[in-house]
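J.: Can you read through this structure? Questions will come right after.
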Amino acid sequence: VQLQASGGGLVQAGGSLRLSCAASGRTFSSYYMGWFRQAPGREREFVATISWSGSNTYHADSVKGRFTVSRDNAKNTVYLQMNSLKPEDTAVYYCAASRGPGIGVQERLYDYWGQGTLVTVSS
C-alpha cells in the first residue's frame, strides 16, 4: 500500500483544514488507518484512527471534539477534518495503514506510512 497525504497548509488559529490520504491498491478497505503528527523538536504522536469499515474511531484526548477521522473506501481515501485549530496543532501530519488486528495508537502497529503534510497554525 502506498499512501499520499495532502491538504496541509497555513491557517489562522480557530480555522479549519481537511487532510486527505489517498491509498493505492485494491485492499484499502481491509486496513485500519491512522493519523499521527510530529511537531518540531518533538516525537511523533498519535492523533486518530479508524477501523476498516469506518464504524470504529478513536481520537487522542488533545484533539477530541475538534478533529474527526473518516474514510471513503470507494475512493481509497481517509480524511482528517480539523476544526478549531490551535498553534499547538502545528506539525507534520502522517497517515498510516495497519493490517490490524484492531485499531491502535502505537506506531509499531502500522505497516505503511505516507510522506507527511505540513500544517501550520498561526496565532
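J.: What number comes out for the charge environment of residue 25, summing +1 per Lys or Arg and -1 per Asp or Glu over other residues with Cβ under 14 Å away?
T.: Working: positive: 26, 75, 99; negative: 111.
Surrounding charge for residue 25 is +2.
J.: Residues of the chain: accessible area per residue at 1.4 Å, in Å²? Could you put the intermediate results ahead of the total?
T.: Values: 6300 Å² over 123 residues.
On a per-residue basis, 51 Å².
J.: Given a 1.4 Å probe and every protein chain left where it sits, what share in percent of the accessible area of the chain is carbon and sulfur? Can you show the working numbers first?
T.: Numbers: 2900 of 6300 Å².
C and S atoms contribute 46 percent here.
J.: Then there's this: What range in the chain is the longest one free of trypsin sites (Lys or Arg not before Pro) that are in a loop by DSSP and have at most 13 other Cβ atoms within 10 angstrom?
T.: Numbers: sites that count: 26, 42, 64.
Here the longest segment lacking exposed loop sites spans 65-123.
J.: Once you keep just the Cα pairs under 8 angstrom separated by 6 or more residues, what percentage relative contact order results for the chain?
T.: Working: 309 pairs, mean separation 44.7, N = 123.
The normalised contact order for the chain reaches 36 percent.
J.: Send over the per residue convex hull volume for the stretch 41-104, Cα only, as a whole number of Å³. Display every interim value, and only then the final one.
T.: Numbers: hull volume 6.5 nm³, N = 64.
Per-residue hull volume (Cα only) is 101 Å³.
J.: Still on this model: With just the Cα atoms of the chain, tell me how far they stretch along each of the three principal axes, in Å, largest first.
T.: 41, 25, 25
J.: Also, I was wondering about something else. Once the whole set of protein chains is in place, how much accessible area is left on residue 72, using a 1.4 Å probe, in Å² to the nearest 10?
T.: 50
J.: Taking the simple approach of a point 7 Å from Cα along Cα-to-Cβ for both residue 60 and residue 16, what is their distance in nm?
T.: Between residue 60 and residue 16, the label points sit 2.2 nm apart.
The values are calculated or read from the model by the stated rules, or taken from the named source; none is laboratory data. Keep in mind that what you see is a predicted model, and the values were worked out from it rather than measured. Note that we place each Cβ from the backbone using ideal geometry, even for glycine, and neighbour counts take in every protein chain shown. For accessibility, only protein heavy atoms count, side chains too; no ligands or nucleic acids. Shrake-Rupley method; radii C 1.70, N 1.55, O 1.52, S 1.80 Å.
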